[in-house]
Amino acid sequence: MKKIKGFDGIRAICAFMVLYSHSEYSMSHVPAEGFLLDVYNTGFSGGAGVLVFFVLSGYLISQLLWRERSETGTIKYGNFIMRRVLRLLPAYLAFLFVLAALVLMGFLEVSAIALVSALTYTYNFLPATFGSGYTNHLWSLAVEEQFYLLFPLLMKKAAPAFYGRAIILIIIFGVVLINLVAMIPLPDYEFVYREQVENLRDVGLERIFRIPTLLFPAGLYCLMGCLFGLSQEALGPKLWRGRLLSLVVIFFALILYFNNVILNVLFYGCNQLVQCVGVGLLLVFIHHHQGSWVTRLLSVGPLPYLGRISYGTYVWHGLFIATGPGACIYWWQGGLLGFAFSYLVSGVSFEVIEKPFLRMKKRFR
């Protein structure tokens, strides 16, 4: 696939949003209220950064699979999985190896079930009780892997004419299902969590299983990206016509992206789906306006390279900007050093660990 300028810049910005959100500098760690905090939580928090990553992944993967299906008449599922393995697994396994070594040597505390869940890409189904500040960020990688396993099968088995309708039906089904699950009443049962007695009925499924991290609804954000990726050929030419229309598109993209502040859509997970529409519009605009000021801004200075190493930055920052209270206990964790080590190690990881495997991807095209 031809390189799309601007997308690496988006990756770099989103990775920084995640790191900032997990750091002690984050606005979510400050006792602030009001409109400014709502804007941050909606559009600039780590959760927003992960959502953009999901949409971007779906956008690109759907186009790759579409082109393969159009040119060859089928999709080689095994080859697709191998390309994903070569792209994602080396740095991921290196991180887990280093983390496990630090745990065995007594430097860090991570439960065995958390490590196993991370290794098997099932961390998004892990109850919050067993989580760790060093591994909690891995839930999103589990969602992406589950998406990569399932979505190519849909495009392989379904007729191309039904792709859009199938995706829309799955999204509707997912929204209905997750709202039904969120309403399930829990029994009156007391348990001890972090030395405090809590009642299962009062806690609810939201805190136990972290519903936003499950395949539904999180995987639906990838599907929204797929919807825009598959329809971008139809949307693209319309976004080419005139500077005024381009400004209108960007305006509506921003309105939809910040819908939680402006529109406040009802029902569980719907705010994020509307936000995905805003992201999708922006991606299509950048895709078809490679010479625009937006694209040039996203290609300034080190942003493209930081975008290329953003996967490693996301993975490795768990050691240096750990999430959760009391997680940063060593001099190399937290603060500006945490940021510096996150970017430094991810750069080394990209050059030494990831690049050799990326060159092997061409064998599976």
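Read-outs: derived from the displayed coordinates by stated rules, not from any lab. Since we're looking at a predicted model, the values are computed, not measured. Cβ: placed from backbone, ideal geometry, glycine included. Neighbour counts: every protein chain shown.
Observations on the structure shown:
- Over the chain, DSSP H runs of length four or greater, each weighted -39,500 (n - 2.57), average out per residue to a 222 nm ellipticity of -21000 deg cm²/dmol.
- Basic side chains Lys and Arg get +1 at the Cβ, acidic Asp and Glu get -1 at the Cβ, and with that the dipole of the chain about its Cα centre reaches some 2160 debye.
- Taking other Cβ atoms within 10 Å as a rough exposure proxy, Val85, Val279 sort from fewest to most as Val85, Val279.
- Coordinate range along principal axes, alpha carbons of the range 15-146, Å, largest first: 56, 44, 23
- Shape index of the chain: Rg/Rh, with Rg the Cα radius of gyration and Rh the Kirkwood radius from the inverse mean 1/r over Cα pairs, equals 0.95.
- Stretching Val176 away from Ser28 to a fully extended chain increases their span by 50.3 nm, per 0.36 nm per residue minus the current alpha-carbon distance.
- Highest-MSF residue in the chain out of Val143, Val274, Val249 [GNM, Cα springs under 10 Å]: Val249
- Most fluctuating residue given options Leu104, Leu281, Leu89, as computed from a GNM of the chain linking Cα atoms under 10 Å: Leu104
- Estimated D of the range 101-146 in µm² per second, where Rh is the Kirkwood radius over Cα pairs and Stokes-Einstein applies at 37 °C, 0.692 mPa s: 309 µm²/s
- Partners of Lys362 within straight-line reach, counting lysines whose Cα lies under 23 Å from its Cα and excluding those fewer than 8 residues away in the same chain: Lys2, Lys3, Lys5, Lys76, Lys156.
- Residue among Val39, Val284, Val248 with the largest mean-square fluctuation in a Gaussian network model of the chain, springs linking Cα atoms under 10 Å: Val248
- With each label modelled as a point 7 angstrom along the Cα→C-beta vector, the Ser231-Leu254 pair spans 2.3 nm.
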